[in-house]
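The values are calculated or read from the model by the stated rules, or taken from the named source; none is laboratory data. Predicted model only: the values in this text are computed from it and were never measured. Note: ideal-geometry Cβ built from the backbone for every residue, glycine included; neighbour counts use all protein chains shown.
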Number of protein chains: 2
Amino acid sequence: MHDLPDPPGGARMRDVARAAGVSAMTVSRALREPARVSPEVRARVEAAVRAVGYVPNRLAGSLSSRRSDVVGLVVPSLENSLFAATVKGISDVLRREGFQLMIADSLYSPEAEEAAIRAFLEQRVAGLILHDTLHTEATARMIRRAGVPVVENGTVPAEPLDMVVSYSNREAAKAMTRHLARLGYRRVALVTLPSAANARSRDRRAGFLDALAELGRPSDPRLLLEMPPGLASGAEALARLTEGAEPPDAIFFAGDVLAAGAVLECQRRGWAVPGKVAIAAFDNVDLLAQLNPPVTTLRLPRGEIGTRSARMLLDRLAGRQSGPAVLDLGFEIIQRAST
Amino acid sequence: MHDLPDPPGGARMRDVARAAGVSAMTVSRALREPARVSPEVRARVEAAVRAVGYVPNRLAGSLSSRRSDVVGLVVPSLENSLFAATVKGISDVLRREGFQLMIADSLYSPEAEEAAIRAFLEQRVAGLILHDTLHTEATARMIRRAGVPVVENGTVPAEPLDMVVSYSNREAAKAMTRHLARLGYRRVALVTLPSAANARSRDRRAGFLDALAELGRPSDPRLLLEMPPGLASGAEALARLTEGAEPPDAIFFAGDVLAAGAVLECQRRGWAVPGKVAIAAFDNVDLLAQLNPPVTTLRLPRGEIGTRSARMLLDRLAGRQSGPAVLDLGFEIIQRAST
DNA sequence: TTGTATGCGTTATCAC
DNA sequence: GTGATAACGCATACAA
């Protein structure tokens, strides 16, 4: 909290009013509803605004009008570029509609998310977009009391707080697993990110298991692995899964850039992909298409999740949409040479 | 701008005061300077806060105190993961100090940057962090009038607005170019991102040319290329530079993931790196270390730029630091097998 | 240690 | 079409 440097140069609305020879109220109207002010007055106000270098104070405006043009966004991590596409989509829509974006990361911790949301509510954000779907009790209570609209993004939760825009992690993982089975792979392994605080990882594993059950295949615990994110981690996963007896003939890396790390490790070992082992990924990052071989993966609507989330939120704020809503944007399998 | 849902559940400070049997002013103090309130009163206030589910209104607080705990950040792109490390560093420091982060992208356009900054100033941010160093006249004027502290980040500009935290793109490019010469490469090509609206690209080219001049080598225009960002773009650059007569024996990709794209293209062509052509990059992204061969590059203090920028800004706000300051955080060459 | 009066800069409301 | 007045919810300054 520190000094706002208004004093010297900070012109207020009344300064503009004086310069234009009108009341402050007229300046306010001229700025927000130009149509409701006579053309000549409007021109005088606009000139005065430029003359004094007036920058409206939205803190005061929001306090008075009880409206806000700031949206709060919480992502699990600011470093993971997967979320970047969604953030970008959100930002694009908000900018076009004259809203501002306040952002924080939860570090995959519901408690940190709670703190971030509390801070946002103190700033009186107009609405929230949350990438995580796992929240503390206090978080849910705060949001309910505050009455702000919320869009959740990470997956389709069993009990949404309010609105949801996502794809189904479970269905996506299931679809890819069936795809691998259809291609003839008999022993498919699954690698996910740590699932403890990550509903998405859990959904993906559930989808994988759904598919195996449907196929009438037993699920072998030796074929299930959790790894931290990162390329090196993918290489490590490959090593572990292939060193035992009965190694998998295909590995489905359901998170981050693990698959890319594994393909690069195969290059180093001189292993043919998919000859020695097939590799599939979960997200359509550029790298996967450029690797040798290019990697089979899922196309997820990362950017669209952002734009649709922002639109849904703004629609609600504008009263253009009422109830809760769950939007499943689907996914697509991209078959490439790695499988 | 839309309705703040305070009315129903929105407890105000006076509601807490009533519940605690004290004045609103005492609640305010108990919350911000607990030490200056008697322990029993403090306890009563805290209980009342929980009882009524009070969430302070910082809009009102900031308006009254003329302070703000929001910092505005403008990055060229929200999608480029290179900036993510810096954003993360900024966010970490701000969180710890109880500040909030408002973010916008400039799309490499000074006009878009100006619009974002204007919006931030309307929100009465306490300070600004700008990744770009190229600003419109109006931007500079606005910031000066507003009197908010600013940290610039992208490179070390000739005429800083205020404070600067960066490394020198020019020196870094120069150092890598000399490094390649020292390794024995005779014809070194440079690939940068489009330099029109990008001071960093221009600085890097200048550094490259500095080194050539120092080495007494002519600069061959056939060895200078500008390409858009992306892996595919790097592959394309490789193709173009190697198809003519007198191809380079080393290519310095001074931007984005161009170098990685080029290495992957070499793999596809079965070209030995550095046998056929050596490849160097500009940023220490994970991928470069995992590629085959691992790629020589620069280690840039991306995260530290963020933390130091935020600290410098907060120091200024706290009055712990007065004048402008320019902090050059340096860089380091990472020699790997690709050169 | 606590309370009262006043103002922060804007907008809602209602008068003209 | 324009203006006067009273909030918005809190903190500063001062008094008790």
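Based on this model, can you work out whether B:Glu236 counts as among the acidic types (Asp, Glu) and free of Cβ contacts under 8 Å to residues at least 40 places away in the same chain?
Yes; evaluated as a whole, the condition is true for this residue.
If only residues of the range B:78-99 that are among the hydroxyl-bearing types (Ser, Thr, Tyr) and within 9 Å of another protein chain (Cβ to nearest Cβ) are counted, the one that is surrounded by the most Cβ atoms within 10 Å (Cβ to Cβ) is B:Ser91.
Touching a residue at least 60 places away in the same chain (Cβ under 8 Å) and either acidic (Asp, Glu) or under 26 Å from B:Arg240 (Cβ atoms) (or both), is that true of B:Val285?
Values: touching a residue at least 60 places away in the same chain (Cβ under 8 Å): yes; either acidic (Asp, Glu) or under 26 Å from B:Arg240 (Cβ atoms) (or both): yes.
Yes; evaluated as a whole, the condition is true for this residue.
Residues of the range B:231-256 that are at pLDDT below 95 and within 15 Å of B:Ser201 (Cβ to Cβ): B:Gly255, B:Asp256.
Evaluate the range B:257-276: report whether one residue or more is in contact (Cβ under 8 Å) with a residue 60 or more places away in the chain, crowded, with 20+ Cβ neighbours inside 10 Å and assigned to a strand (DSSP E or B). No, there is no match, as no residue in the range B:257-276 is in contact (Cβ under 8 Å) with a residue 60 or more places away in the chain, crowded, with 20+ Cβ neighbours inside 10 Å and assigned to a strand (DSSP E or B). Quick one: in the range A:124-134, of everything that is buried (at least 24 other Cβ atoms within 10 Å of the Cβ) and of a type outside the set (D, E, K, R), which residue is farthest from A:Val74 (Cα to Cα)? Among those residues, the one meeting the criterion is A:Ala126.
For the range A:34-52, how many residues meet the condition of being within 12 Å of DNA strand C (Cβ to nearest atom) and under 23 Å from B:Ile117 (Cα atoms)?
Step one: list which residues in the range A:34-52 are within 12 Å of DNA strand C (Cβ to nearest atom), which gives A:36, A:45, A:49, A:52.
When the remaining residues are screened for being under 23 Å from B:Ile117 (Cα atoms), the result is A:45, A:49, A:52.
Number of matching residues: 3.
Would you confirm whether or not the range B:279-286 contains a residue that is among the β-branched types (Val, Ile, Thr) and within 14 Å of chain A (Cβ to nearest Cβ)? Step through it out loud before you land on a result.
Start the filter on the range B:279-286 by keeping residues that are among the β-branched types (Val, Ile, Thr), which leaves B:279, B:285.
Filter again for within 14 Å of chain A (Cβ to nearest Cβ), leaving B:285.
Within the range B:279-286, one or more residues are among the β-branched types (Val, Ile, Thr) and within 14 Å of chain A (Cβ to nearest Cβ).
Within the range A:24-63, the set of residues being charged (D, E, K, R), away from chain B (no Cβ under 11 Å) and surrounded by fewer than 18 Cβ atoms within 10 Å (Cβ to Cβ) comprises A:Glu33, A:Arg36, A:Glu40, A:Glu46. Might you let me know whether the range A:7-18 holds any residue that is in contact (Cβ under 8 Å) with a residue 24 or more places away in the chain, at the interface with chain B (Cβ under 9 Å from one of its Cβ atoms) and crowded, with 23+ Cβ neighbours inside 10 Å? No, because not a single residue in the range A:7-18 is in contact (Cβ under 8 Å) with a residue 24 or more places away in the chain, at the interface with chain B (Cβ under 9 Å from one of its Cβ atoms) and crowded, with 23+ Cβ neighbours inside 10 Å. Looking only at residues in the range B:64-77 that are crowded, with 20+ Cβ neighbours inside 10 Å and over 15 Å from B:Gly306 (Cα atoms), the one that is farthest from the other protein chains (Cβ to nearest Cβ) is B:Val70. Restricting the range B:21-65 to residues that are under 39 Å from the mean Cα position of the chain (by Cα) and in contact (Cβ under 8 Å) with a residue 24 or more places away in the chain leaves a set whose member that is farthest from DNA strand D (Cβ to nearest atom) is B:Gly53. Scanning the range A:294-318 for residues that are more than 30 Å from A:Val70 (Cα to Cα) and either surrounded by 24 or more Cβ atoms within 10 Å (Cβ to Cβ) or touching a Lys or Arg at 6+ places or on another chain (Cβ under 7 Å) (or both) gives A:Pro294, A:Val295, A:Thr296, A:Thr297. For B:Ser68, indicate whether it is of a type in the set (S, T, N, Q) and either near DNA strand D (Cβ under 10 Å from one of its atoms) or free of Cβ contacts under 8 Å to residues at least 24 places away in the same chain (or both). So B:Ser68 does not fit the description; no. Considering (1) of a type outside the set (D, E, K, R); (2) on the phi < 0 side of the Ramachandran plot; (3) more than 14 Å from chain A (Cβ to nearest Cβ), the lone condition that B:Leu258 does not fulfil carries the number (3).
Please determine whether any residue of the range A:125-132 is among the charged types (D, E, K, R), under 13 Å from the mean Cα position of the chain (by Cα) and modelled with pLDDT under 95. Before the answer, list the steps.
First, the residues of the range A:125-132 that are among the charged types (D, E, K, R): A:132.
Adding the requirement that they be under 13 Å from the mean Cα position of the chain (by Cα) leaves A:132.
Next, only the ones that are modelled with pLDDT under 95 stay: A:132.
Among the residues of the range A:125-132, at least one is among the charged types (D, E, K, R), under 13 Å from the mean Cα position of the chain (by Cα) and modelled with pLDDT under 95, which makes the answer yes.
Say whether the condition of being buried (at least 22 other Cβ atoms within 10 Å of the Cβ) and at pLDDT 95 or above is met by at least one residue in the range B:155-163. There is at least one residue in the range B:155-163 that is buried (at least 22 other Cβ atoms within 10 Å of the Cβ) and at pLDDT 95 or above. In the condition set (1) more than 7 Å from chain A (Cβ to nearest Cβ); (2) surrounded by fewer than 22 Cβ atoms within 10 Å (Cβ to Cβ); (3) touching a residue at least 12 places away in the same chain (Cβ under 8 Å); (4) more than 22 Å from the chain's Cα centre (by Cα), B:Glu114 is compliant with all but (4).
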